[in-house]
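In what follows, a single structure is set out as structure tokens and then discussed.
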């Protein structure tokens with residue numbers, strides 16, 4: 001009976017989160033869409049104002065991946081989808097918010113193994129599925145170029161996807177966990193297994209225009225993690241690291257995002 005009640009409470013909470021997201025998206029002019037990207041069905045929201053050669057894609061963070069340090073959640077849908085809130089502030093003609101596997105899951109689709117938001121969150125399957133979604137968007141919108149924005153774990157996905165494509169012209173990360181091994185070491189948790197390492201592809205994107213934003217008060221993903229990634233890139237003439245004063249891992253990003261989007265994609269690292 002306790003397990004049944006717990007399951008019902010989880011389902012009601014999830015439905016409430018989904019409904020709240022749909023309502024906010026509608027108010028902001030976003031349309032909900034789904035992508036078949038085996039083995040996943042990925043959920044996205046798009047706001048298309050005008051035909052444009054460029055589409056800006058925001059990739060969500062890890063969301064509610066863990067209930068505790070040892071117990072994965074049944075649904076990784078974020079309680080506060082920060083990447084979506086950033087997307088709402090972006091004035092670009094074509095803006096797309098892309099959720100991660102299992103987040104805002106489409107009804108009636110096969111369940112996703114929890115490993116895809118825990119140990120395998122950056123697995124080849126996840127990166128390939130994300131890239132397939134981008135291919136579909138390009139065909140649908142008629143856009144030739146992509147600008148990626150990744151928040152937290154979504155920054156890792158953005159880096160790994162960008163390294164495999166030749167149509168990504170800009171990369172922005174926000175509180176990006178760009179060195180998962182260093183992250184797990186700092187927080188004394190087990191290293192990921194079955195996931196790709198963004199440091200392994202760092203040098204391959206060093207000619208891409210990049211901005212990496214870190215929060216001054218972010219104790220979850222501190223500046224040292226972004227610094228380690230840039231060190232691995234080597235030649236950082238096209239990359240910048242900007243410390244955002246007063247920002248933590250979750251706070252002080254949304255209200256400043258329009259201002260931060262105006263920062264030039266050149267090397268003026270701080």
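The values are calculated or read from the model by the stated rules, or taken from the named source; none is laboratory data. These figures come from a predicted structure and were not determined experimentally. Using ideal geometry, Cβ is built from the backbone for each residue, glycine included, and neighbour counts are taken over all protein chains shown.
Here are the numbers for this structure:
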{"quantity": "The stretch 198-241, residues that are within 20 Å of residue 148 (Cα to Cα), part of a loop (DSSP other than H, G, I, E, B) and in contact with a helix residue (DSSP H, G or I) (Cβ under 7 Å, 6 or more places away or on another chain)", "calculated": "206, 208, 221, 236"}
{"quantity": "Residues that are assigned to a helix (DSSP H, G or I) and closer than 21 Å to residue 243 by Cα, drawn from the stretch 117-162", "calculated": "153, 154, 155, 156, 158, 159"}
{"quantity": "Residue in the stretch 92-103 that is surrounded by fewer than 23 Cβ atoms within 10 Å (Cβ to Cβ), out of contact with any helix residue (DSSP H, G or I) (no Cβ under 7 Å at 6 or more places or on another chain) and under 25 Å from residue 260 (Cα atoms) present", "calculated": "yes"}
{"quantity": "Residue that is nearest to residue 187 (Cα to Cα), among those in the stretch 199-223 that are exposed (fewer than 13 other Cβ atoms within 10 Å of the Cβ) and modelled with pLDDT of 95 or more", "calculated": "219"}
{"quantity": "Qualifying position, being over 24 Å from residue 184 (Cα atoms) and at pLDDT below 95, among 73, 111", "calculated": "111"}
{"quantity": "The stretch 126-149, residues that are touching a helix residue (DSSP H, G or I) at 6+ places or on another chain (Cβ under 8 Å) and within 17 Å of residue 34 (Cα to Cα)", "calculated": "126, 127, 130, 131, 134"}
{"quantity": "Sole residue being over 26 Å from residue 115 (Cβ atoms) and at pLDDT 95 or above, chosen from 28, 60", "calculated": "28"}
{"quantity": "Tabulated pairs, the stretch 17-36, first part of a helix (DSSP H, G or I), second surrounded by 12 or more Cβ atoms within 10 Å (Cβ to Cβ), C-beta under 7 angstrom, 6+ apart or interchain", "calculated": "17/77; 18/104; 21/81; 21/104; 22/32; 25/32; 25/45"}
{"quantity": "Any hit, the stretch 114-129, residues being surrounded by fewer than 18 Cβ atoms within 10 Å (Cβ to Cβ) and without any contact (Cβ under 8 Å) to a residue 40 or more places away in the chain", "calculated": "no"}
{"quantity": "Close pairs from the stretch 47-70: first without any contact (Cβ under 8 Å) to a residue 60 or more places away in the chain and at positive phi, partner part of a strand (DSSP E or B) and surrounded by fewer than 17 Cβ atoms within 10 Å (Cβ to Cβ), Cβ under 8 Å, at least 6 apart", "calculated": "none"}
{"quantity": "So residue 252, is it modelled with pLDDT under 95, within 26 Å of residue 87 (Cα to Cα) and either loosely packed, with under 15 Cβ neighbours inside 10 Å or touching a strand residue (DSSP E or B) at 6+ places or on another chain (Cβ under 8 Å) (or both)", "calculated": "no"}
{"quantity": "Residues (closer than 12 Å to residue 45 by Cβ and part of a strand (DSSP E or B)) located in the stretch 76-116", "calculated": "95, 96, 97, 98"}
{"quantity": "Residues located in the stretch 45-62, provided they are out of contact with any helix residue (DSSP H, G or I) (no Cβ under 7 Å at 6 or more places or on another chain) and either part of a helix (DSSP H, G or I) or surrounded by 20 or more Cβ atoms within 10 Å (Cβ to Cβ) (or both)", "calculated": "46, 56"}
{"quantity": "Within the stretch 175-191, considering residues that are in a loop (DSSP other than H, G, I, E, B) and at pLDDT 95 or above, the one nearest to the chain's Cα centre (by Cα)", "calculated": "176"}
{"quantity": "Residues satisfying the stated conditions in the stretch 163-174, i.e. buried (at least 24 other Cβ atoms within 10 Å of the Cβ) and either assigned to a helix (DSSP H, G or I) or over 10 Å from the mean Cα position of the chain (by Cα) (or both)", "calculated": "171, 172"}
